[in-house]
Amino acid sequence: MYDYNFLGRNITFGGFYQNNGFDSYGINFKAPHLFSKKWGLAINHQNWKSEEPLYFGNNTANYLYNNISFEILGLHQINFKNQIDFGVNLFKEKYQYLSGATDSSIPQNLNLKKTLFKLVYSYDNLDYDFQYITGFKSILYAQYVITENDFQNSFHIFWNDFFISEKCGIMEILQTD
């Protein structure tokens, strides 16, 4: 459940609960204009649990995966079309053996502490005319994860989402052969 105009100030506040066999939840707060018209803040907390297979050799084992994270982001709107979000996410990953093959070299319980540095750059040149959307949007994600354990080195993550739209309404889509 989210409120996208909390206190009438363009603040997003809310959270979720999910049970996929395990209880998971998240709480999110985003105030893009908290400090000024161009500077804001986002704070997020998540406790995610799921059953995950881990593969080693030709064998597999199921583990309970638990990710507990706290994130704080600075938000800066450069201009109407360009925005940068940057910050840090401190998280713990926990693995607990549930079933499947075992190996003496692989622990049945593992607790890892990690730090993730995040940068998100958004370019939004979409034009909204009622139900019609035209234009281009790009969101670049760059992350650096620091981990100090025997099972994984620090690593980088990059990806980009592109959105391209021509002027097209729902009735035009339904009438197309």
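If I go through the stretch 124-163 residue by residue, how many of them are surrounded by 14 or more Cβ atoms within 10 Å (Cβ to Cβ) and closer than 29 Å to residue 94 by Cα?
Count: 7.
Return the residues of the stretch 52-92 that are under 22 Å from residue 27 (Cα atoms), touching a Ser or Thr at 6+ places or on another chain (Cβ under 9 Å) and of a type in the set (D, E, K, R); say none if nothing qualifies.
Result: 85, 92.
Which of the residues that make up the stretch 52-86 are of a type in the set (Asp, Glu) and modelled with pLDDT of 95 or more?
71, 85
Looking at residue 123, is it in contact (Cβ under 8 Å) with a residue 24 or more places away in the chain, over 14 Å from the mean Cα position of the chain (by Cα) and more than 22 Å from residue 22 (Cβ to Cβ)?
Yes.
Tally time: how many residues in the stretch 4-32 are under 22 Å from residue 92 (Cα atoms), out of contact with any Gly (no Cβ under 8 Å at 6 or more places or on another chain) and either not hydroxyl-bearing (Ser, Thr, Tyr) or not in a strand (DSSP E or B) (or both)?
Adding up the residues that qualify gives 7.
The values are calculated or read from the model by the stated rules, or taken from the named source; none is laboratory data. Since the structure is predicted, the reported quantities are computational estimates derived from the model, not experimental observations. Because the Cβ atoms are built from the backbone with ideal geometry, glycine has one as well, and the counts that use them run over all protein chains shown.
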